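Undergrad: The structure that follows is given in the form of structure tokens.
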Amino acid sequence: MATPLKNTNRLSLAMERTGQWVFSQEIPTDVIVEVGEANFNLHKFMLVAKSNYIRKLILDTKESDVSRINLSDIPGGPEMFEKAAKFCYGVNFEITVHNVAALRCAAEYLQMTDKYCDNNLASRTEDFLAQVALTSLSGALVVLKSCENLLPLAHDLNIIQRCVDIAGAKACVEANFPSRSPPNWWTEELTILDVAFFERIIVAMKARGAKALTIASAIITYTERSLRDLVRDHSGNNTRLMEPEDSDMRMHQRELLESIVTLLPAEKAAFPINFLCCLLRTAIFLRAASSCKNELEKRISAILEHVTVDDLLVLSFTYDGERLFDLESVRRIISGFMEKEKSVAVFKGGDFGDVCTTAMQRVAKTVDAYLGEIATFGDLSISKFNGIAILVPKGARKADDDLYRAVDIYLKAHPHLDEIEREKVCSVMDPLKLSHEARVHASQNKRLPVQIVLHALYFDQLKLRSGAADDTNNNMPEAMATRNQLQADVSLVKENEVLRTELLKMKMYIADIQKTTTSTQGTSKGGLKKTTFFSSVSKTLGKFNPFKHGSKDTSNIVDDAALDLTKPRRRRFSIS
């Protein structure tokens, strides 16, 4: 609302000032020049002496007496025409870095060159550009900024290219030999430009051999200033974030971000990973083009060993911190890093399954901690949780304690999972790679499936018997043999429990038949036959216990009275 009022006041002041020095000539005016909403009462003979354009308008008209001229298309509008008119009348005015480009374009429009009058307005503005405006980085950038509203004439007059060349050269000098503090002050100066002009400055700096870190410094400062509420404000409290996706503001930000990503230098390590994560989060939020997001994902994958949990969390959550983005970007980033490590392993002639580089160990630890942070969210499905966990090779984890912590947090945050679903969650970790403290915790953890608890308990028993060291990675063949034996023993334990359950049901059924036989006379023989038959079956089933009278006898594992007969377990064997 303030802009129209400001323009109106400016026009009023311009006409008032112009009227003062025109009427001071004591000669009646004979022409009215219209420039937008402003009208200037002037003298023809003063204008045609310096402006060939106005002279041709007056001579070429069919009217006998021209009293009104419309110059609304003049670059710079009424303000620049006022200064051009003052020049025609010989009135002094100030040329600055802010108006010199507009004055130069207005002089070209009015054809106020030395061809029609010596030392005309065009030559005066050219002298100011060469001797004052374009002698410093700040001056060149201000002139370039003023050219945004002077296209295409400013481009045709080569003003833009001259500003770009001088600004690019001086920016390279300042990057290598700072003239004032702070050393990167020149990056702040570039932030006043439109992204198209900023891109031309970056291209000019690259052509002069500027280092990748120098280019990155300029891009980071420009991005943080241009997309301040998206890149720098991580609190999510900024009300501007509530703008609809299809608003003009969001469309402008999307185009700006995509243009910035195209300027990134080829060197992958030129940018800090937290900045790249912020850019990718912004690209996801603004629904940028797939090419933009893919480029950022590749750059993050290339230096993923430097990522922190906070960086991945910035990438994963919406700005309000209440919801998760689609985690496909995180999955592609981790997968891209693993593919890179696999290529390096193959190039060195090794087996990727046995490779456990320092970078991969660091990434594995970060991913496990990251899973622990996102596991508390109820909308995180098992497939997405497992999909990220299994991207890290088993050999990259010396121990699965961090992964066990993430699994336990997930089970605690999702208490309504059934046995099969809990087994799926636990399938991403290896119980044999847990430390002693983690196995003790797992053996007492009621949220874990029975199979995982048996793994933890049985493995501790085997280690106590063998007297082996706690670190299973020191002897991988023995660990594999132990794992196979443990799986076989757990299977036998389950089968034995099923058989004992069936046997108990048979005994109860026989007891019911015996009660019926006692109360009904005349059928005792048939009842004795049935009792004899089922007794023989019970004895036969009792022989199936593979641990009977041995060190692994499991007959006392489950108390008969504690069995829940209303909902029997899933059976691999049954006797009808």
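The values are calculated or read from the model by the stated rules, or taken from the named source; none is laboratory data. Since the structure is predicted, the reported quantities are computational estimates derived from the model, not experimental observations. Here Cβ is always computed from backbone atoms with ideal geometry, including for glycine, and neighbour counts include all displayed protein chains. Only protein heavy atoms, including side chains, enter the accessible area calculation; ligands, DNA and RNA are left aside. Shrake-Rupley method; radii C 1.70, N 1.55, O 1.52, S 1.80 Å.
Undergrad: Does at least one position in the range 266-273 carry a residue that is farther than 21 Å from Ser226 by Cα, open to solvent by less than 60 Å² (accessible area, probe 1.4 Å) and either out of contact with any Ser or Thr (no Cβ under 7 Å at 6 or more places or on another chain) or of a type in the set (Lys, Arg) (or both)? Outline the logic, then answer.
TA: Kept after step one, since they are farther than 21 Å from Ser226 by Cα, are these residues of the range 266-273: 266-269.
Add one more test, that the residue is open to solvent by less than 60 Å² (accessible area, probe 1.4 Å), and what stays is none.
Within the range 266-273, not a single residue is farther than 21 Å from Ser226 by Cα, open to solvent by less than 60 Å² (accessible area, probe 1.4 Å) and either out of contact with any Ser or Thr (no Cβ under 7 Å at 6 or more places or on another chain) or of a type in the set (Lys, Arg) (or both).
Undergrad: Considering only the range 24-97, give the helices (runs of 4 or more DSSP H) lying wholly within it that have at least 1 residues that are among the basic types (Lys, Arg) and under 55 Å from the mean Cα position of the chain (by Cα).
TA: Details: elements: 44-48, 52-60, 77-89.
Per the criteria, 77-89.
Undergrad: Additional query: I'd like to know if the range 191-199 contains one or more residues that are of a type outside the set (A, V, I, L, M, F, W, C) and buried (at least 20 other Cβ atoms within 10 Å of the Cβ). Don't jump to the end; show me each part of the working.
TA: Of all residues in the range 191-199, those of a type outside the set (A, V, I, L, M, F, W, C) come to 191, 194, 199.
Now drop any that are not buried (at least 20 other Cβ atoms within 10 Å of the Cβ), which leaves none.
Checked against the condition, which is being of a type outside the set (A, V, I, L, M, F, W, C) and buried (at least 20 other Cβ atoms within 10 Å of the Cβ), the range 191-199 yields no hits at all.
Undergrad: Can you tell me which residue in the range 143-156 is farthest from the chain's Cα centre (by Cα), limited to those that are surrounded by fewer than 20 Cβ atoms within 10 Å (Cβ to Cβ) and of a type in the set (A, V, I, L, M, F, W, C)? Step through it out loud before you land on a result.
TA: So in the range 143-156, the residues surrounded by fewer than 20 Cβ atoms within 10 Å (Cβ to Cβ) come out as 145, 148-149, 151-153, 155-156.
Checking the rest, the ones that are also of a type in the set (A, V, I, L, M, F, W, C) come to 151, 153.
Details: Leu151: 35, Leu153: 40 Å.
Filtering first and then ranking leaves Leu153.
Undergrad: Just wondering, is there one or more residues in the range 34-53 that are in contact with a Lys or Arg (Cβ under 8 Å, 6 or more places away or on another chain) and either surrounded by fewer than 14 Cβ atoms within 10 Å (Cβ to Cβ) or under 19 Å from Leu153 (Cβ atoms) (or both)?
TA: Looking for residues that are in contact with a Lys or Arg (Cβ under 8 Å, 6 or more places away or on another chain) and either surrounded by fewer than 14 Cβ atoms within 10 Å (Cβ to Cβ) or under 19 Å from Leu153 (Cβ atoms) (or both), one finds at least one in the range 34-53, hence yes.
Undergrad: Looking only at residues in the range 158-188 that are part of a loop (DSSP other than H, G, I, E, B) and not hydrophobic (A, V, I, L, M, F, W, C), which one is nearest to Arg104 (Cα to Cα)?
TA: Restricting attention to the range 158-188, the residues satisfying the condition of being part of a loop (DSSP other than H, G, I, E, B) are 158, 177-184.
Among the residues that remain, those that are also not hydrophobic (A, V, I, L, M, F, W, C) are: 158, 178-184.
Working: Asn158: 11, Pro178: 32, Ser179: 31, Arg180: 32, Ser181: 34, Pro182: 34, Pro183: 34, Asn184: 32 Å.
For the range 158-188, the residue satisfying everything is Asn158.
Undergrad: Now a separate question. Kindly evaluate Leu256 against the criterion of being part of a helix (DSSP H, G or I), open to solvent by less than 10 Å² (accessible area, probe 1.4 Å) and touching a residue at least 12 places away in the same chain (Cβ under 8 Å). Break it down stepwise before answering.
TA: Values: part of a helix (DSSP H, G or I): yes; open to solvent by less than 10 Å² (accessible area, probe 1.4 Å): no; touching a residue at least 12 places away in the same chain (Cβ under 8 Å): yes.
Against the criterion (part of a helix (DSSP H, G or I), open to solvent by less than 10 Å² (accessible area, probe 1.4 Å) and touching a residue at least 12 places away in the same chain (Cβ under 8 Å)), Leu256 does not qualify.
Undergrad: Cβ-Cβ distance below 8 Å, separation of 6 or more or different chains: which pairs start in the range 191-216 with a residue that is of a type in the set (Lys, Arg) and end on one that is in a helix (DSSP H, G or I)?
TA: Partner pairs satisfying both residue conditions: Arg200/Ile160; Arg200/Val164; Lys206/Ile215; Arg208/Gly168; Arg208/Ala169; Arg208/Cys172; Lys211/Ala175.
Undergrad: Considering Asp402, Asp379, which residue is acidic (Asp, Glu) and crowded, with 17+ Cβ neighbours inside 10 Å? Can you show your working first?
TA: Numbers: Asp379 fails: crowded, with 17+ Cβ neighbours inside 10 Å.
So the residue among Asp402, Asp379 that is acidic (Asp, Glu) and crowded, with 17+ Cβ neighbours inside 10 Å is Asp402.
Undergrad: Continuing with the same structure: Could you tell me how many of the residues in the range 310-327 are assigned to a loop (DSSP other than H, G, I, E, B) and closer than 12 Å to Cys278 by Cβ?
TA: Start the filter on the range 310-327 by keeping residues that are assigned to a loop (DSSP other than H, G, I, E, B), which leaves 318-323, 325-327.
Narrowing further to those that are closer than 12 Å to Cys278 by Cβ: 319.
The total comes to 1.
Undergrad: Among the residues of the range 58-83, write down those that are among the aliphatic types (A, V, I, L, M) and open to solvent by 70 Å² or more (accessible area, probe 1.4 Å). Reasoning before the result, please.
TA: Taking the range 58-83 and keeping what is among the aliphatic types (A, V, I, L, M), we get 58-59, 66, 69, 71, 74, 80.
If the condition is that a residue be among the aliphatic types (A, V, I, L, M) and open to solvent by 70 Å² or more (accessible area, probe 1.4 Å), then Leu59 is the only one that fits.
Undergrad: Take the residues in the range 64-103 that are under 14 Å from Ala38 (Cα atoms) and β-branched (Val, Ile, Thr); name whichever of them is modelled with the highest pLDDT. Lay out the reasoning, then the answer.
TA: Filtering the range 64-103 for residues under 14 Å from Ala38 (Cα atoms) gives 68-74, 76-83, 85.
Next, only the ones that are β-branched (Val, Ile, Thr) stay: 69, 74.
Working: Ile69: 90, Ile74: 94.
Looking at the filtered set, the residue picked out is Ile74.
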